[in-house]
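The values are calculated or read from the model by the stated rules, or taken from the named source; none is laboratory data. From a predicted model like this one, the values you see are computed outputs, not experimental measurements. With ideal geometry, Cβ positions are generated from the backbone for all residues, glycine too; neighbour counts draw on all protein chains shown. In case anyone asks, the SASA skips ligands and DNA or RNA and just uses the protein heavy atoms, side chains included. Shrake-Rupley method; radii C 1.70, N 1.55, O 1.52, S 1.80 Å.
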Amino acid sequence: MNEGVPQRLARLRDQIGEEARAAGRSPDEIVLVGVGKKQPLEPILEAIEAGLGDIGESYVQEAALKFGSLPPVRKHYIGHVQTNKAKRIAELFDIVQSVDREDAARALARAATSLEKVLPVLLQLNISPADRFGASPDAAERLAEVIRAEPSLRLDGVMAIGPDTSDRAEIARAFALAAKTLARVGGSTLSIGMSGDWREAVRAGSTMLRIGTGLFGRRQEPR
Ligand SMILES: *Cc1c(COP(=O)(O)O)cnc(C)c1O
């Protein structure tokens with residue numbers, strides 16, 4: 001991989017644009033979130049300088065360390081919401097994509113209230129048998145009601161992680177389920193698609209792609 005981050009970002013944007021147009025969609029409908037977890041600061045800064053406006057992080061501690069060094073960007077929390085970290089999450093992030101149960105929604109709502117802010121959130125859906133987190137599509141409407149009852153939260157749509165498989169048809173089916181569930185839950189953001197499955201996600205109507213390794217390269221795994 002001799003290609004630098006700015007080149008990779010430009011190429012990815014071109015490819016996303018082509019895929020969108022092939023699906024009869026406008027590339028402008030699709031936000032690209034660069035996922036910085038377990039990536040050093042340098043490539044993230046390079047991507048922001050090259051125009052990336054959205055950064056996703058999964059770990060509160062890691063995000064807190066990095067965010068002080070970033071120019072203004074929209075910060076997305078995409079990790080598991082532990083209720084005892086809700087306050088910190090609401091302080092650090094502009095949007096929480098991973099509200100997957102009622103106690104997480106309530107903890108974030110309390111935190112946002114105490115910070116006197118309205119926190120945009122997505123409801124995290126479980127569309128894959130191997131995924132540990134996420135509300136089942138059947139439980140999504142009830143969870144959406146709980147979120148909407150909180151004045152300090154604003155429900156923008158849903159997020160889901162595709163199944164970890166090379167079976168493209170299975171991925172497409174899972175994303176179709178996410179799109180169908182968004183239609184029931186309400187909202188305009190469909191956050192589906194990562195490095196390995198963003199093409200299927202664009203075809204299924206994704207409005208938000210979360211790309212880590214496909215943009216920044218391999219993650220630094222803990223030793
Ligand atoms: C890590 C992560 C991503 C990015 O994954 P890549 O395969 O590196 O693109 C996207 N969404 C969530 C929720 C993640 O945890």
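Here are some notes:
- Sequence-distant residues sharing a close amide H with residue 56 (under 5 Å, placed H): 34, 35, 36, 76
- In a simple Cβ point-charge model (Lys, Arg +1; Asp, Glu -1; nothing else charged), the stretch 80-223 has a dipole of about 260 debye relative to its Cα centre.
- Eligible lysines near residue 87 by straight Cα distance, threshold 19 Å, same-chain separation 8 or greater: 66, 75, 117
- Highest mobility in the GNM of the chain, judged by mean-square fluctuation with C-alpha springs under 10 Å and restricted to 15, 97, 39, is found for 15.
- Taking 120, 27, 151 as the candidate residues, the one with maximal mean-square fluctuation in a Gaussian network model of the chain, Cα springs under 10 Å, is 151.
- The chain - mean residue ellipticity at 222 nm from DSSP helices (-39,500 (n - 2.57) per run, n ≥ 4, rounded to 500): -12000 deg cm²/dmol
- Sequentially through the stretch 175-186, phi angles give Karplus couplings (6.51, -1.76, 1.60; θ = phi - 60°) of 5, 4, 5, 4, 5, 5, 5, 4, 4, 7, 6, x Hz, Gly and Pro residues having no value and appearing as x.
- Percent accessible area from carbon and sulfur atoms, the stretch 106-146, protein chains only, probe 1.4 Å: 49
- Shape parameters for the chain, alpha-carbon atoms, Rg then Dmax in Å: 16.7, 50
- Take the chain with all the other protein chains still there, run a 1.4 Å probe, and you get 47 Å² of accessible area per residue.
- Amide proton proximity set for residue 189, modelled H, under 5 Å, gap of 5+: 157, 158
- Taking 135, 64, 178 as the candidate residues, the one with maximal mean-square fluctuation in a Gaussian network model of the chain, Cα springs under 10 Å, is 64.
- Packing rank of 200-208, 141-149, where each peptide gets the mean count of other beta carbons within 10 Å, highest leading: 200-208, 141-149
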